Amino acid sequence: MHDHRFQSPKRRSARLGAIAGALALVLTLAACGGSDTDNSPSPTPSDTPASATPSATPTVDPTVLTDLSSIDVTGDWGTEPTVNAPYPFKVDETMTKVVIQGTGTEVPSATATVNMHYVGINARSGSVFDSSWISGAPTTFQLSGVITGFAKGIVGQRVGSRLAIAITSSEAYDPNGQASIGVDPGDTLLFVVDILDSELAGPVGSTVTPPDGLPVVTETADGVPQISIPAGLAEPTEVGVQPLIQGSGAALQATDALTSHAVCVTWDGTEYYNDYGSASVTDAASAAVHQALFNALVGQQVGSRVLVTLPGSVAYPTGNRTPSIAPNTSVACVVDLLFTQAYS
């Protein structure tokens, strides 16, 4: 086995395609069923429930919207919306309209993992091409795996919000379109999104003072944890788990996938893994991660920063090739728990 933490970053990163199954395929450029289109003239705005199939005359030149004031979205947050828009239309820049302002966690970055309900509408035809409400369940995915404009419209928005996002064709499916869902080159897309949950930007909670006799954890000016092993500190003989920041989010279950940041050192203080300079990564116990580390975190809450110490007999009983770690080397890891989701 060769690890950079307990699994190589390439293998650990963004396993959400497997986690989410077939959901949100349209956003990741895969095929998805669309609706039949009625080609009767409809140049004026029309009400569009997420399950409806409104239409516009294909030969009508689309109106260029400079803002989204003419996009009307009704319905309670979390329920299937009704959308009134002046189809056909297009936008020359991706725009977001906050329909309902949430007060929860802010979506931190274009690589964040987010749970949401959404409906996607082709602004040329007015037809719904994808909807989690129609699918029957909200979806979870990493924003780095979706079309650029969708991620752009979500970042910086808060959990609890309902958004209308109009996406330019250049930040959607240009230059080729997506024929399987009825999206032509040049088509603007309209999404209505309810943000249900989001990955945290970092640990959030109460500071916990650890007992003596553990590795010392400090923090850089950028909030990145650093681990030092005090001289003469005895190696662990069993797995140790010590919260440093106690979060209040969902507790990690053995059947969950965990999105996190982490840093690890061997017992001589040599850092051999640190992913704080890149996107967070997602692990699941059943996805070939190091069982001992994941199992040690089960029961810890999202928002927490946790110090885990592993004896060499558990961490690397046979050593590690890349980076080179000798057999039976004890290690210490600090893990920030940022998001959990059911894994299957």
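Summary of computed values
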quantity: Among residues of segment 256-298, those that are more than 19 Å from Thr340 (Cα to Cα) and buried (at least 23 other Cβ atoms within 10 Å of the Cβ), counted; calculated: 1
quantity: Residues of segment 138-156 satisfying the condition of being closer than 13 Å to Glu199 by Cβ and of a type in the set (S, T, N, Q); calculated: Thr140, Gln142, Ser144
quantity: Elements of type strands (runs of 3 or more DSSP E) contained in segment 79-155, each with 1 or more residues being touching a helix residue (DSSP H, G or I) at 6+ places or on another chain (Cβ under 6 Å) and hydroxyl-bearing (Ser, Thr, Tyr); calculated: 95-100, 113-122, 139-142
quantity: Selected residue (criterion: nearest to the chain's Cα centre (by Cα)) from residues of segment 289-338 that are part of a strand (DSSP E or B) and over 26 Å from Thr209 (Cβ atoms); calculated: Asn320
quantity: Output for segment 226-243, where each listed residue is charged (D, E, K, R) and either exposed (fewer than 14 other Cβ atoms within 10 Å of the Cβ) or at pLDDT below 95 (or both); calculated: Glu238
quantity: Meets criteria (touching a strand residue (DSSP E or B) at 6+ places or on another chain (Cβ under 9 Å), of a type in the set (Ser, Thr, Tyr) and more than 26 Å from Asp72 (Cβ to Cβ)) for Thr139; calculated: no
quantity: Single match in Ser144, Ser198 (criterion: modelled with pLDDT under 95 and of a type in the set (Gly, Ala, Ser)); calculated: Ser144
quantity: Whichever residue in segment 131-163 is surrounded by fewer than 22 Cβ atoms within 10 Å (Cβ to Cβ) and charged (D, E, K, R) and, among such residues, is nearest to Gly186 (Cα to Cα); calculated: Lys152
quantity: Among the residues listed as Gly213, Gly277, Gly223, Gly249, the single one being part of a loop (DSSP other than H, G, I, E, B), among the small types (Gly, Ala, Ser) and in contact with a strand residue (DSSP E or B) (Cβ under 6 Å, 6 or more places away or on another chain); calculated: Gly249
quantity: Test: Thr218 is surrounded by fewer than 16 Cβ atoms within 10 Å (Cβ to Cβ), in a loop (DSSP other than H, G, I, E, B) and among the β-branched types (Val, Ile, Thr); calculated: no
quantity: Qualifying positions in segment 75-85 - farther than 21 Å from Asn115 by Cα and surrounded by fewer than 18 Cβ atoms within 10 Å (Cβ to Cβ); calculated: Asn84
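Yes/no matrix, rows are residues, columns are (1) at pLDDT below 50; (2) surrounded by 18 or more Cβ atoms within 10 Å (Cβ to Cβ):
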site	(1), (2)
Ile19	yes, yes
Ala30	yes, no
Val64	no, no
Gly104	no, no
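The values are calculated or read from the model by the stated rules, or taken from the named source; none is laboratory data. Because the structure is predicted, anything quoted here is derived from the model rather than measured. Counting neighbours? That spans all protein chains shown, and the Cβs are built from the backbone with ideal geometry, glycine included.
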